[in-house]
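As structure tokens, the structure follows; a few thoughts come after it.
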Amino acid sequence: MKRASLLFLLTASAQAATPENLDWLTGCWAFESNGKRYEEVWLSPAADSAIGLARTLKNGRTLNREFLRLEANADGTLDYISIPSGQSETRFRLTTQQARSAVFENLQHDFPARIRYTRTGDDRLDAAIEGLANGKSRTIEYPFRRTNCP
């Protein structure tokens, strides 16, 4: 069993990373905390990219919005591209990928420097952002549940 798992990991890491490998992100996800509603939507991957968006709502107002993209590169790598409210884009490289989880990193970026997604069930997607904020290590968890698409 261990030999088969190791062979799978070696084979998977030798293949080019593509948005299709992360099709488990597809869908509409949301959760509520401290009077805020967090939403994230991912369209099915097509060609060499997947498109997503996120927003935070409170009292009927949009506090934040973010456009997201997964993009395959010519060198076989995959980038997570984030364009938050009023900011320029930031790229995070896929560094770890398993069947239903992925980690993206840009250690040159202040916060976040790392973005994690793990599909923990048919109706659950756990996400987190991590990095240094004001010189201290910080993690923000996003326990998304599948929801109806807006």
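The values are calculated or read from the model by the stated rules, or taken from the named source; none is laboratory data. Model, not experiment: these values are computed from the prediction. Cβ atoms come from the backbone with ideal geometry, glycine included; neighbour counts cover every protein chain shown. Heads up: the accessible areas ignore ligands, DNA and RNA and are worked out on the full protein's heavy atoms, side chains in. Shrake-Rupley method; radii C 1.70, N 1.55, O 1.52, S 1.80 Å.
Couple of notes before you dig in:
- Counted residue by residue at 0.36 nm each, then reduced by the alpha carbon distance between them, the extension gain from ASN134 to ILE83 reaches 16.2 nm.
- Long-range tail of P(r) for the stretch 11-150 (Cα pairs > 20 Å, %): 46
- Average Cα contact separation per residue, the stretch 42-150, under 8 Å, 6 or more apart, as relative contact order %: 12
- Counted by Cβ distance under 14 Å from ILE81, the other residues give a net charge of -3, where Lys and Arg count +1 and Asp and Glu count -1.
- On the chain, 51 percent of the accessible area sits on carbon and sulfur atoms, based on a 1.4 Å probe.
- Rounded to the nearest 20, the Cβ-based charge dipole of the chain about its Cα centre (Lys and Arg +1, Asp and Glu -1) stands at 500 debye.
- Environment charge at ASP123 (Cβ cut-off 12 Å; Lys +1, Arg +1, Asp -1, Glu -1): +2
- Pair LYS58, GLU141: separation of 7 Å Cα→Cβ label points (nm): 2.1
- SER101 sits among other residues whose Cβ lies under 11 Å from its own Cβ, and their net charge, with Lys and Arg +1 and Asp and Glu -1, is +2.
- For the stretch 49-150, accessible area per residue (1.4 Å probe, heavy atoms of protein chains only), Å²: 60
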